[in-house]
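The values are calculated or read from the model by the stated rules, or taken from the named source; none is laboratory data. All figures in this text were calculated on a predicted structure; none of them were measured in a lab. So basically every Cβ, Gly included, is an ideal-geometry build from the backbone, and we count neighbours across all protein chains shown.
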Amino acid sequence: MGEALIDIKGVTHAYATEAGPLPVLDNLNISVPEGGFVAVVGPSGCGKSTLTRLIAGLMKPDTGEVWLHGERVKSPRSTVGMAFQNPVLLEWRTILKNVMLPLEIVSTPMSKREQEERARHLLELVGLKGFEDKRPSELSGGMRQRASLCRSLIHKPEVLILDEPFGALDAFTREDLWQTMHRLKAEEPFTGVLITHDLRESIFLADQVVVLSGRPATTQYVMDIPREGIPTLDDLYTPEAADRLNILRHQIEIAQGRAPAEEAAE
Amino acid sequence: MSFRKVAVPLVAMVIFLALWELLVWANGWPNYIMASPSDLPAAYSRFWELFLVMGWQTLWRTVVGLLLAIAFGVLIGMIMGFSRTMRDALYPLLVGFNAIPKATVVPIVALLFVGAHDFNTILIAFMISFFPIAVSVSIGLSTLEPEYRDILRSLGASQSTIFWKIALPKTLPEFFGALKVAVTLAFIGTNLMEIVSPHGRGLGALFDSGKTNSDYPLMFAVLIALAFLGIVLYYVVVALEKVFAGWAERQPT
């Protein structure tokens, strides 16, 4: 796949600990084509967050390479947008000013007016119209996460990195935000990597699901999800969806070491 | 500012003064054991000029000492907040320094800089009050969640941008909390020097002269004047906090 926008090639990484090196990623390969949205699932502590930091250029892998848009990632770049489980909004700024924060760092051809219009437009897209001048503390957890998504997209990043952004939300709010994500993607096409623990989330949002093995993580299983238009929550309750979830759940059990791998099962 | 906000503390003060008066009256204490609030107006009206002059001396030296403590405390706090090594190196030193009773340092300072009374007083006010500021700033900076750094760092922001846009404002509530402690500490420092060092300046000196002249109501009047100055300065800090870190206060909903 030569046209990959995000290309992770044979990445291996270990953390130095007092007990010696702790390998977290082992010869990991993931590639995401332009406009693609890949969900990465795997057991806890398998190095998923390390992966996001590598793609964002916040860390360098021990061996292997991360490429974004044909350029090797060596340091942070302004063409990346990030959102975390913790929305990390700045309490002393209004929601609008929070969303516009990245524009104070990266250079943009937009005028001040265009910047603000874009921020307001994004907030409207995620259903936060009327909350522009509120403080983060006046918003619910789900609303804060919506604002955080707007902030990650404000500077029109080529790559969106989402590290369990919906992990701390209740189930209904989460499903609501899944639909918001589809609305956003329809209007603001991006290439994305989504780290998640939620298998339903992965098949609802992504067009490819990558299952990582237990630590040190490597690509254990890849599932392509065919996409035709924007899915509805009903699509999660079809026999196909149930089959996919079953397969993924089984793969996670293998990754956790709770179920033997196919070859070893004999 | 609602009527309730002003009335409640005022009523509390009146009740406090009444209880004090009652205590002295019930025990039949003469004013050389304990002066009562009714003794105070006489002391104030007799020495009002001295109270103004010496109150001002105490106030400005306390404020200068406090400003120095803020500058130095924030600097040390930044160094300790950003560097683990510096934190490990400086913490025991700071704690040890803070543990030394400043009353014991007063004669040393007075001998070290003989005659430099203003300087000595400011120095003690500074020494006694920078510690909480340094600790709060260092804790505020070192406990900044990594995600806060990451949202800016992932865009290629420099360390100083991260400091000005995120680390500094995020530390302000802790800083003001410490400043409220430091304000009262600085007053203690100033008075320590004024009472111990015989230069006849500040409310501490007025207290001392009350003591030598057996003017007990004057001594109590000085204490109340000090308390008043302390309250004024404290609320100046509260007002500054409202301006610069008002966002940290949760709206009652």
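Points to keep in mind about this one:
- Residue match in segment A:215-231 (condition: out of contact with any Asp or Glu (no Cβ under 6 Å at 6 or more places or on another chain), part of a helix (DSSP H, G or I) and aromatic (Phe, Trp, Tyr)): no
- If you go through segment A:33-59 and keep only what is outside any loop (DSSP other than H, G, I, E, B) and either within 13 Å of chain B (Cβ to nearest Cβ) or modelled with pLDDT under 85 (or both), you end up with A:48, A:49, A:50, A:52, A:53, A:54, A:55.
To keep it simple, each residue is scored yes or no on (1) among the hydroxyl-bearing types (Ser, Thr, Tyr); (2) closer than 19 Å to residue B:146 by Cβ; (3) loosely packed, with under 15 Cβ neighbours inside 10 Å; (4) not assigned by TED's automatic domain parsing to the domain that holds residue A:220.
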site: A:22; (1), (2), (3), (4): no, yes, yes, no
site: A:38; (1), (2), (3), (4): no, no, no, no
site: A:44; (1), (2), (3), (4): yes, yes, yes, no
site: A:47; (1), (2), (3), (4): no, yes, no, no
site: A:51; (1), (2), (3), (4): no, yes, no, no
site: A:114; (1), (2), (3), (4): no, no, yes, yes
site: A:118; (1), (2), (3), (4): no, no, no, yes
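- The number of residues in segment A:76-97 being over 17 Å from the mean Cα position of the chain (by Cα) and at the interface with chain B (Cβ under 7 Å from one of its Cβ atoms) comes to 3.
- Residue in segment B:53-64 that is free of Cβ contacts under 8 Å to residues at least 24 places away in the same chain and either in contact with a Cys (Cβ under 6 Å, 6 or more places away or on another chain) or more than 21 Å from residue B:181 (Cβ to Cβ) (or both) present: yes
- Taken as a whole, segment A:170-187 holds no residue that is in the same structural domain as residue A:256 (by TED's automatic domain parsing), in a loop (DSSP other than H, G, I, E, B) and closer than 24 Å to residue B:150 by Cα.
- Taking segment A:127-154 as the range and being within 14 Å of chain B (Cβ to nearest Cβ) and not in a loop (DSSP other than H, G, I, E, B) as the test, the residues that pass are A:136, A:137, A:138, A:144, A:145, A:147, A:148, A:149, A:150, A:151, A:152, A:153.
- Top-ranked residue of segment B:190-233 - restricted to ones that are among the hydroxyl-bearing types (Ser, Thr, Tyr) and buried (at least 16 other Cβ atoms within 10 Å of the Cβ), ranked as nearest to residue B:123 (Cα to Cα): B:190
- Annotation: residue A:81 fulfils all but one of (1) surrounded by fewer than 19 Cβ atoms within 10 Å (Cβ to Cβ); (2) assigned to a strand (DSSP E or B); (3) of a type in the set (Gly, Ala, Ser); the unmet one is (1).
- In segment A:161-169, the condition of being among the charged types (D, E, K, R) and out of contact with any strand residue (DSSP E or B) (no Cβ under 6 Å at 6 or more places or on another chain) is met by no residue.
- Helices (runs of 4 or more DSSP H) wholly inside segment B:101-209 containing at least 1 residues that are of a type in the set (Asp, Glu) and more than 14 Å from every other protein chain (Cβ to nearest Cβ): B:117-142, B:168-196
- Flag if residue B:154 is without any contact (Cβ under 8 Å) to a residue 12 or more places away in the chain and surrounded by 14 or more Cβ atoms within 10 Å (Cβ to Cβ): yes
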